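In what follows, a single structure is set out as structure tokens and then discussed.
The values are calculated or read from the model by the stated rules, or taken from the named source; none is laboratory data. Keep in mind it's a predicted model, so treat the numbers as computed, not measured. Neighbour counts are summed over all protein chains in view; Cβ atoms, including those assigned to glycine, are modelled from backbone coordinates with ideal geometry. Surface areas here come from the heavy atoms of the whole protein model, side chains and all, with no ligands, DNA or RNA. Shrake-Rupley method; radii C 1.70, N 1.55, O 1.52, S 1.80 Å.
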Amino acid sequence: MAARTLKIGLIPGDGIGKEVIPAGKRILEALPASLGLKFEFIDLKAGWETFQETGNALPEETVSILKSECDGALFGAVSSPTTAVKGYSSPIVALRKKLDLYANVRPVKSVRGPGVKPIDMVIVRENTEDLYVKEEKTYDTPEGKVAEAIKRISQRASSRIATIAGEIALRRQKIREGGSPSIHKGPLVTVTHKSNVLSQTDGLFRVTAREALAAGRFTSVAVEEQIVDSMVYKLFRQPEAYDVIVAPNLYGDILSDGAAALVGSLGLVPSANVGEGFAIGEPCHGSAPDIQGQGIANPIATLRSAALMLEFLNEEAAAAKIYEAVDANLEEGKLLNPDLGGKAKTEEVVQDILRRL
Ligand SMILES: NC(=O)c1ccc[n+]([C@@H]2O[C@H](COP(=O)([O-])OP(=O)(O)OC[C@H]3O[C@@H](n4cnc5c(N)ncnc54)[C@H](O)[C@@H]3O)[C@@H](O)[C@H]2O)c1
Ligand SMILES: O=C(O)CC[C@H](C(=O)O)[C@@H](O)C(=O)O
């Protein structure tokens, strides 16, 4: 069988993005040849440093190479400023829209072990609209300034995101039926919203998601809904109750960082930005300026993001190899980074996981 060659764009970005993306590249290169996969890598620029060098946080070349040459990509993190800087706009938010990566898929899973609360959920976050359309304005009134932002929810995006959430629930169920141990009895999708207050925007999300999940092929999928604030409460008290969560963009962003705390660290939680036939693996965390340059960033979110990207490029066997090696490191618990209470450097954890591949 001829090997499949995947061309992968590498966008480290800023801060610890530069420390963890090389680890993602190395794990792909270290996959066994028997999987029949080869990789070519293209280094691409984006982020705050790129903005300072070129005046553009997302150079056109990065977008055009991703579109015309790559099968997928790994994105580290960028240091977006918290005050407006003229000409700067978050490159990852822009990429999601430019490449129509409409779903942000974020699995949050605990590893097996005594005393560990079993958690195995996937947050499926709408990735193109909601408050992330970034249509904001500030104006003066006699009482002072007022700022406004548009929250845009469309039927099309809500339907697409609920549909992929349903498909992910079915796929997870199939893996369970194949014998994988699981804490879930059957496929469940929880639709989250705030339509008790935002009856038009979140109301449209809720109704459309429910309609999409009522399709014939999802008859085996149980569908529940929950208002986002009480969802946070239940997520923290009973995380094992969730299988697949589907959420509008901003709620999905917030819920996934919260869920990361439940499994020990943001440094563990991966994501994939998924569109038709293209995926960008991206750790859920940011550029972590508080630890950058110390060589202690946890690489696991990135390694798992590389695996997740492979899953969406139909390379499940290769993805499974990476997950197994990472889980073995965590289950043994001897070589952990400081975010998990250990003393290991990034490099030591990477080497331990590569050894297990
Ligand atoms: N995808 C992205 O590009 C992305 C995502 C989130 C935040 N950001 C940006 O990152 C910058 C910093 O944001 P923040 O500090 O709010 O969030 P953050 O995710 O960077 O850090 C939050 C906390 O988690 C820790 N942490 C995160 N990743 C870790 C890892 N791999 N290993 C060990 N510890 C880790 C950090 O040290 C910090 O204490 C901001 O400029 C923000 O805009 C970018
Ligand atoms: O800081 C940025 O430029 C993007 C942050 C980004 C987001 O979607 O809001 C991040 O929080 C994420 O979860 O991917």
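Working ranking of peptides 46-52, 321-327, 236-242 by packing, defined as the average number of other Cβ atoms within 10 Å per residue, highest first, is 46-52, 321-327, 236-242.
With the charge dipole of the chain set up from +1 on Lys and Arg Cβ and -1 on Asp and Glu Cβ about the Cα centre, the Cα lying farthest toward the positive end among the listed residues Ala77, Leu58, Tyr102 is that of Tyr102.
Its residue count N fixes a reference of 2.2 N^0.38 Å for the range 1-106, and the Cα radius of gyration divided by that reference is 1.16. Entry note, the chain: the mean residue ellipticity at 222 nm calculated from DSSP H runs of n ≥ 4, each adding -39500 (n - 2.57), is -12500 deg cm²/dmol after division by the residues and rounding to the nearest 500. Packing, as the average of other Cβ atoms within 10 Å across residues, places the peptides 107-113, 340-346, 300-306 in the order 300-306, 107-113, 340-346, highest first. Within the accessible surface of the chain, defined with a 1.4 Å probe on protein heavy atoms only, the carbon and sulfur portion equals 52 percent. Relative to one another, the C-alpha centroids of the range 94-149 and the range 300-357 are positioned 25 Å apart.
Counting only protein heavy atoms and a 1.4 Å probe, the range 225-322 has 32 square angstrom of accessible area per residue.
So how strong a dipole does the chain carry about its Cα centre when Lys and Arg Cβ are +1 and Asp and Glu Cβ are -1, to the nearest 20 debye?
With Lys and Arg at +1 and Asp and Glu at -1, about 680 debye.
For the set Lys25/Lys109; Lys98/Lys137; Lys98/Lys194; Lys18/Lys97; Lys38/Lys345; Lys38/Lys151, the pairs lying more than 32 angstrom apart at their alpha carbons are Lys38/Lys151. Comparing Leu28, Val326, Gln351 along the charge dipole axis of the chain, the residue lying farthest to the positive side is Val326, per the Cβ-charge model.
In summary, the convex hull built on the alpha carbon positions of the chain has an orientation-averaged projected area of 19.3 nm².
Toward the positive end of the charge dipole of the range 106-166, with +1 on the Cβ of Lys and Arg and -1 on the Cβ of Asp and Glu, the farthest Cα among Val111, Tyr132, Ala165 is that of Val111. Per-residue 3J(HN,Hα) values for the range 179-192, derived from phi via the Karplus relation 6.51 cos²θ - 1.76 cosθ + 1.60 with θ = phi - 60°, read x, 5, x, 8, 8, 9, 8, x, x, 9, 10, 9, 8, 10 Hz in sequence order (x marks Gly and Pro). For the range 11-117, the solvent-accessible area of protein heavy atoms averages 46 Å² per residue (probe radius 1.4 Å; ligands and nucleic acids excluded).
Across the chain, C-alpha contacts under 8 Å between residues 6 or more apart give a mean separation that, scaled by the residue count, equals a relative contact order of 20 percent.
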